[in-house]
Every structure is written in C-alpha cells, then in structure tokens.
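Student: This is the structure I have questions about; it appears just below.
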2 protein chains.
Amino acid sequence: MTTGIENSPPRENSRKIIALAGGVGGAKLALGLYKHLQSQKRSGELVIIGNTGDDLEYLGLQISPDLDTLMYTLAGRVNTANGWGLQDDTGNTLTMLGEYGQENWFWLGDQDFATHIVRTHLLSQGQRLTEVTEELRRRLAIDCQLLPMCDEPVRTLVETAEAGQLAFQEYFVKRRANDTVIGLAFEGAAEATISPEIRQALTDPAMIIFCPSNPYLSIRPILAVPGMPELLRSSAANLVVVSPIVGGQALKGPAAAIMSSLGQVETPSALGIAQVYAGFAQRFVLDTVDADQKAAIEALHFRVLVTNTVMKTDEDKVRLAQEILQEFS
Amino acid sequence: MTTGIENSPPRENSRKIIALAGGVGGAKLALGLYKHLQSQKRSGELVIIGNTGDDLEYLGLQISPDLDTLMYTLAGRVNTANGWGLQDDTGNTLTMLGEYGQENWFWLGDQDFATHIVRTHLLSQGQRLTEVTEELRRRLAIDCQLLPMCDEPVRTLVETAEAGQLAFQEYFVKRRANDTVIGLAFEGAAEATISPEIRQALTDPAMIIFCPSNPYLSIRPILAVPGMPELLRSSAANLVVVSPIVGGQALKGPAAAIMSSLGQVETPSALGIAQVYAGFAQRFVLDTVDADQKAAIEALHFRVLVTNTVMKTDEDKVRLAQEILQEFS
C-alpha cells in the first residue's frame with residue numbers, strides 16, 4: 001500500500017506544535033489540532049506525545065492503549081461511541097481466548113489485535129516503540145508525528161484504599177476506576193530516557209499543549225520520564241494547559257475523584273488543575289462555565305483563554321484547536 | 001469453563017489406538033475413530049499423533065496447521081466447507097494486518113488467532129508443544145490425546161523444479177501446490193526427539209493406523225523424528241495403512257502428483273502407496289474401486305481390507321473407523 005505520505009516529509013525547519021496527551025480525552029483535542037493544521041497543510045508541524053504508562057502485556061502481546069486511541073482517532077478510524085478501539089470491530093478473538101480459559105476483561109477487537117501483533121513483532125525484532133509507532137501511523141496514513149513518551153517500559157501503578165496496589169488497567173478497566181486512589185507510582189520511570197525524536201521535537205517548539213487529559217494518570221507518567229519536565233520548561237514556547245475539569249466534573253474518567261482522594265484540593269475544579277500546573281505552565285484554557293475562576297487562575301500567573309472547551313463534534317475540536325493556536329502563538 | 005474432562009482421565013491401563021495424521025484428509029478418519037470410540041466410552045484409548053512439519057511462525061505467532069485442523073475437527077468446530085479453520089470464523093485481524101503491510105496469504109480467522117496467541121504465549125513460558133496442545137484440546141472438550149510428533153521445531157522444506165526450495169506453506173498455500181516436487185527435507189528433524197507422551201502411548205499399543213494423509217508431506221515428517229520408525233515397527237500391534245489414493249487420485253491435495261514427480265511410481269495408485277509402506281506396515285485398507293489391486297498389494301505381504309474409504313459424511317467416517325478396528329484388532 002502506498003499512501004504518498006513517504007513523499008511529503010514534515011518540513012524539518014518549521015517549529016513544532018507539541019501536544020501531550022493520554023487517551024480518549026486528550027485525543028479529542030489532538031484530532032482538532034491535526035485537522036486544523038491539515039487544512040492548512042501544516043500537519044507535519046504537529047507532534048503528539050502519548051502516555052505509555054498504561055501500557056500492558058497481554059498473553060505476550062504489547063498493548064499501548066493510549067497510543068492506539070490517539071492513532072485510531074487521528075486516522076479517523078476510532079469507535080466514536082467508545083472513544084477507543086476501531087470502529088465496526090468484532091470481538092471474536094477475545095471470545096475464543098475466553099474459551100481457552102484466558103482472562104478477557106480488557107476488551108480488544110479483532111482488527112485491534114492486528115495492531116498488537118505487529119507492534120509485538122516489530123519490538124521483538126529490536127525496533128524501538130517510537131519506530132514501531134511511526135510505522136503503524138504511516139500505514140494508517142496519519143501525517144503528523146505520534147511519539148510514545150519514551151521507548152522503555154514504564155508502568156503506572158495505582159495505590160488504592162480498597163485493594164492496595166493495582167496495575168493501571170486492573171484499576172481502570174477491570175475494577176472500573178471505582179477504587180479510591182491514594183497514590184501513584186511509575187514503575188520503570190527512573191530508567192526511562194528522552195528519545196532522540198522527542199528531543200528533536202522539543203528543540204525550539206512553537207507551543208506545548210497539555211491536552212485535556214487526566215493530569216495524574218495521563219500527564220504525570222509523561223513528566224515522570226527523567227529530564228522531561230526540565231526539557232519542557234527550558235523551551236521558550238508557551239506551555240498551555242487545557243483544563244480537563246469543566247464545571248467541577250471530569251470531561252471523561254476519574255480525574256475529579258482522584259483530585260480529591262489524592263488530597264490536593266477539597267473541591268475538584270479548573271482552579272485545582274491550574275494549581276497542579278502552577279509555576280510550570282503559563283497559559284490556561286478555561287471553559288466558559290468556569291469563567292468565575294479566571295481571576296484566581298490569573299493570580300497563579302497564567303494567561304487565561306476562556307472559551308467553550310467541551311468537544312462534542314469534530315467542528316468543536318477544530319475550533320478549540322484554532323482558538324488555542326491563535327491566542328497563544 | 002469446566003468440561004468435566006479433568007475428572008475422567010484416560011484409563012492408563014488400556015492399550016492405545018494410535019492414529020498418525022496430517023491435516024484435512026487424516027482428520028476425517030481421526031474423527032471417525034474418535035466418534036466411534038466415544039460412543040463406546042473408549043475415547044481415552046485414542047492417541048492421535050499429528051504432523052508438525054508444516055508448522056510456521058507468522059509475525060512471532062507459532063502456528064501448527066495440522067494440529068489445529070485435527071483439534072478443530074475433533075471438537076466439532078471445524079469449517080466443514082474448507083476442512084480446516086473454525087466454522088463461522090471472520091477474517092478481520094488478517095485484513096487489518098494487510099493494512100499494516102504484512103503478508104496475509106496464509107488465511108487465519110479471528111477465533112483461530114486466539115489459538116495461536118495462546119500457543120505462542122504458553123510456549124514462551126517454557127511449556128512444551130505437547131503440553132500446550134494438551135491444554136488447548138482440554139479447553140475444547142476433546143477427550144482423546146492429541147500429540148505433536150515432537151516438541152522440537154521441524155520444518156518441511158519442499159524442493160521444486162520451478163522455484164527451488166520453498167518453505168512448506170509457501171509451496172502449499174501461497175503457490176497452491178502447483179510446483180513440481182522433486183525433493184523433500186525436514187529441517188531440524190535430526191535434533192528432534194520422541195516425547196515422553198509418545199513413548200508412553202507407543203508402549204504396547206493395540207493398533208497403529210496411518211490415516212489417509214499424504215505419505216510424503218504428512219507422514220514422512222513424523223517418521224523423520226529419529227527413532228520413530230523403529231519405535232512404530234518394534235510394536236507388536238498391527239500397522240494399518242489407509243490409502244489416501246483412490247481410483248488413482250488423491251482424496252485431497254497433491255499426493256498423486258508428488259508420487260509421480262518424486263519418481264517413485266509411473267502411475268499414482270493405491271498399489272504405489274502400498275509400495276511406499278511395504279516391509280514397514282502389514283495391513284492395508286483399499287477402496288472398493290481399487291479392488292483389482294488387492295492381489296498385487298497382498299503380494300507385498302499386506303493383509304488387505306477392501307471397503308468404501310471415501311468419507312463424505314460423519315457416518316462414513318465412523319463406519320470406516322469401526323471396520324478397521326474390527327478387521328485388524
């Protein structure tokens with residue numbers, strides 16, 4: 001299959017727009033940025049850095065749920081009802097694995113298995129996760145960069161009040177994020193390194209955007225890569241935080257509950273998110289329903305863009321991306 | 001899933017009925033033997049030894065096509081239109097692998113992938129292929145033994161006039177067995193060993209049946225395991241050959257063409273098959289349409305059963321199995 005992408009390399013001289021993202025929530029803004037830049041024939045400037053702290057190994061297969069969600073979303077292939085997985089996928093492999101007595105609570109579609117089989121195979125041949133991800137996204141005709149936060153395995157471990165320490169997907173999928181999170185650890189993070197591709201992308205970027213992903217479960221693993229916070233902060237570019245909390249609720253997932261249980265804030269709010277990033281980032285995107293928190297966030301030395309941040313349609317995503325790029329470029 | 005099989009181990013003291021088989025052709029008689037013995041609550045006496053010379057590795061997955069055909073057939077789950085694969089299986093994983101630029105000429109169904117994923121995983125954990133196959137067949141509620149010919153990898157290589165040496169599945173599936181076979185090699189066979197399970201099964205068996213499988217591509221790899229011919233021949237049991245050639249044609253596959261191209265016989269025939277096994281086996285099952293060859297086969301020191309050997313229905317399979325057991329017990 002030839003996609004023609006091979007013939008249009010990203011313009012190496014253009015300054016990159018960096019988006020840090022986890023899974024479903026972050027993928028929405030990532031798609032907005034991608035579509036907006038694509039419409040300007042600038043998608044080669046976009047570099048999405050995905051969380052791999054929630055990666056898992058299942059029956060020897062290497063699964064990177066956040067990278068896959070980002071990849072399927074950018075390829076226009078995501079199951080929009082779930083926000084993850086491939087559209088119109090079937091579950092026959094997984095059902096049969098159940099017949100063989102294997103655990104199958106982590107849903108994987110039949111087409112999806114192809115991703116994991118190829119990833120596992122290429123990794124076993126010595127390719128780095130960055131190279132494998134590059135190969136997969138090219139095959140799906142995605143013409144921006146999609147980089148894992150590092151090539152080394154990092155595993156988010158969730159300390160819960162009810163069940164002790166859990167592997168991330170056991171907490172998140174098997175137990176449906178119902179446990180009280182009292183701590184987080186990122187196993188392997190100390191040995192992780194900044195990949196050459198990320199170092200290159202973060203050389204004089206135009207902007208660095210923290211997508212509306214869970215700051216604890218999606219962004220903190222990325223920042224746990226040694227040197228990553230310093231590298232982000234050393235940039236002259238604006239660091240822009242898009243609040244994943246709107247009206248006191250997480251747009252998706254357990255971010256609000258974790259904010260409380262980790263004891264950082266009494267009431268989950270956009271302001272609480274701003275407190276998390278205070279002193280690190282300098283720009284903040286606040287939803288109009290939370291406009292009353294603008295002054296308090298500005299007091300934390302943020303420049304604040306107030307706009308509608310709830311992305312229901314692709315038009316919402318593109319519009320938000322466009323506003324952020326215009327406001328903070 | 002509990003099948004209850006765990007509670008009914010094969011009676012260790014009963015003498016085993018051994019069936020050597022390749023894929024589709026051999027699986028028909030294997031099913032007949034299984035169903036017949038099951039109806040007498042004797043299926044625990046049946047031991048099927050399957051060819052693994054046509055095993056392959058695909059994207060890191062360990063695939064055993066003949067073992068799978070036997071397993072799916074015995075489980076009543078085989079796609080009866082093809083004779084291999086699982087019934088009502090879908091091909092979404094394979095299609096997606098094609099999108100990722102992977103070769104996908106070897107058809108594998110989505111449910112089928114589960115078999116390969118589990119097999120590969122258990123092998124990687126240090127289980128022998130025999131143990132893995134035992135686990136899989138138990139999960140599919142098959143209550144006879146199904147043993148690979150050995151635990152070590154053996155690969156049938158096909159020397160062709162048109163394309164030189166080919167891996168088995170490249171010859172058989174990709175090039176549709178259209179090349180002229182001028183030689184065979186069994187890579188790794190010299191290092192293979194008789195498994196404890198096969199040695200146990202072949203201790204004083206009641207009968208050893210060569211199913212109507214291709215003698216070159218399905219049976220010879222089994223006999224290439226060092227010590228296997230001697231172990232079979234040392235038994236006091238009758239060695240029974242069921243001719244895979246009926247009316248000068250192979251029931252399935254390229255056996256007839258290979259008989260000619262390997263130069264062993266001018267005209268493919270049941271008699272030619274008898275010549276292949278002469279001096280090794282002592283019993284022969286001949287189709288009624290080839291009854292005129294009975295005397296010539298008897299002259300090779302075979303006792304011959306003439307009957308209808310073409311198995312179209314399950315009833316055909318059971319009847320043939322029953323006749324063989326009655327005639328040669």
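Student: For the rotation that superimposes chain B on chain A, which residue of B has the C-beta lying nearest to the axis, and at what distance in Å?
Tutor: B:D110, 2
Student: Can you give me the relative contact order of chain B as a percent, contacts being Cα pairs under 8 Å and 6 or more apart?
Tutor: Details: 660 pairs, mean separation 63.3, N = 329.
In percent, rounded to a whole number, it is 19.
Student: Between A:S329 and A:T193, what's the calculated FRET efficiency when r is the beta-carbon distance and R0 is 41 Å? Round to 0.05.
Tutor: On the way: r = 30 Å, r/R0 = 0.74.
The value I calculate is 0.85.
Student: Let me ask something else about it. Restricting to DSSP loop positions (anything but H, G, I, E, B) with no more than 15 other Cβ atoms inside 10 Å of their own Cβ, which trypsin sites (Lys or Arg not before Pro) remain in region B:152-216?
Tutor: Working: sites: B:R155, B:K174, B:R175, B:R176, B:R199; in loops: B:R175, B:R176.
Qualifying residues, ordered by number: B:R176.
Student: Residues of A:97-104, mean number of Cβ from any other protein chain within 10 Å of their own Cβ, rounded to a whole number? Before the final figure, lay out each step's value.
Tutor: Values: counts 7, 3, 11, 13, 7, 5, 0, 1.
Going residue by residue through A:97-104 and averaging, the value is 6.
Student: With chain B treated as a Gaussian network of Cα nodes joined by springs under 10 Å, which of B:P212, B:P148, B:P226 yields the largest mean-square fluctuation?
Tutor: B:P226
Student: In addition: Just report the Cα centroid separation between region A:144-173 and region B:146-205, whole Å.
Tutor: 44
Student: Right, something else. In sequence order, what are the phi-derived ³J(HN,Hα) couplings for region A:143-153 according to the Karplus relation 6.51 cos²θ - 1.76 cosθ + 1.60 with θ = phi - 60°, rounded to whole Hz, with x for glycine and proline?
Tutor: Calculated HN-Hα couplings, in order: 10, 10, 7, 10, 10, x, 4, 6, 8, 7, x Hz.
Student: Hand me the GluC sites (Glu not before Pro) from region A:245-326 located in a DSSP loop with no more than 11 other Cβ atoms within 10 Å, in residue order please.
Tutor: On the way: sites: A:E266, A:E298, A:E315, A:E323; in loops: A:E266.
Taking region A:245-326 and a limit of 11 other Cβ atoms within 10 Å, the loop GluC sites (Glu not before Pro) found are A:E266.
Student: So what's the back-of-envelope 222 nm ellipticity for the protein assembly as shown, counting only DSSP H runs of four-plus at -39500 (n - 2.57) apiece and dividing by all residues, rounded to 500? Kindly include the intermediate steps, with their values, before the conclusion.
Tutor: Details: 24 runs with 224 residues, N = 658.
Dividing the helical sum by the residues of the protein assembly as shown leaves -9500 deg cm²/dmol.
Student: Nm distances between the label at A:A185 and the same-position labels in the remaining copies, 7 Å along Cα→Cβ, shortest first?
Tutor: Result for A:A185, in nm, nearest copy first: 5.3.
Student: If you filter region A:59-113 for chymotrypsin sites (Phe, Trp or Tyr not before Pro), then keep DSSP loop positions with at most 14 other Cβ within 10 Å, what is left? Walk me through the intermediate numbers first.
Tutor: On the way: sites: A:Y72, A:W84, A:Y100, A:W105, A:F106, A:W107, A:F113; in loops: A:W84, A:Y100, A:W105, A:F106, A:W107.
Passing sites in region A:59-113 are A:W105, A:W107.
Student: With viscosity set to 0.692 mPa s and temperature to 37 °C, compute the Stokes-Einstein D of the protein assembly as shown, Rh being the Kirkwood radius across alpha carbon pairs; µm²/s, no decimals. Spell out each step's value before the answer.
Tutor: Working: Rh = 28.1 Å.
Estimated via Stokes-Einstein, D reaches 117 µm²/s.
Student: Also: How big is the antiparallel share of DSSP beta bridges in the protein assembly as shown, given as a percent to the nearest 5? Write out the running numbers ahead of the final one.
Tutor: Numbers: 32 of 83 bridges.
Just about 40 percent of them are antiparallel.
Student: Still on this structure, please answer the following. Restricting the count to DSSP beta bridges whose residues both fall in region B:1-141, what percent are antiparallel, rounded to a multiple of 5?
Tutor: 45
Student: Determine, from the Cβ-Cβ distance of B:W105 and B:D292 and an R0 of 51 Å, the FRET efficiency 1/(1 + (r/R0)^6), rounded to the nearest 0.05.
Tutor: So the FRET efficiency works out to roughly 0.80.
Student: So for chain B: antiparallel DSSP bridges make up what percent, rounded to the nearest 5?
Tutor: On the way: 16 of 41 bridges.
Among the beta bridges of chain B, antiparallel pairing accounts for roughly 40 percent.
Student: Do the alpha carbons of any pairs in A:K16/A:K317; B:K16/B:K41; A:K252/A:K317; B:K16/B:K294; A:K252/A:K312; B:K28/B:K252 sit beyond 22 Å of each other, and which pairs?
Tutor: Working: A:K16/A:K317 19 Å; B:K16/B:K41 14 Å; A:K252/A:K317 15 Å; B:K16/B:K294 28 Å; A:K252/A:K312 12 Å; B:K28/B:K252 11 Å.
In this structure, B:K16/B:K294 lie more than 22 Å apart at Cα.
Student: Let's test the formula: R0 of 25 Å, r as the Cβ-Cβ distance of A:D204 and A:S39. What FRET efficiency results, to the nearest 0.05? Let's see the in-between values first.
Tutor: Details: r = 24 Å, r/R0 = 0.98.
Efficiency at R0 = 25 Å is approximately 0.55.
Student: Now a separate question. Enter the Cα centre distance for the pair region A:21-62 and region A:218-295, rounded to the nearest angstrom.
Tutor: Result: 18 Å between the Cα centres.
Student: Treating the point 7 Å from Cα along Cα-beta-carbon as the label, what are the nm separations from A:S14 to the other copies, to one decimal?
Tutor: 7.4
Student: Between the label point of B:R233 and that of the same position in each other copy, find the distances and list them shortest first in nm, with every label point placed 7 Å from Cα along the Cα-to-C-beta direction.
Tutor: For B:R233, the inter-copy label distances come out at 8.0 nm.
Laboratory data are not the source of any read-out in this text; all were calculated from the coordinates shown. In this text, all values refer to a predicted model and were calculated from it rather than measured experimentally. Virtual Cβ from ideal backbone geometry, glycine too; neighbours counted across all protein chains shown.
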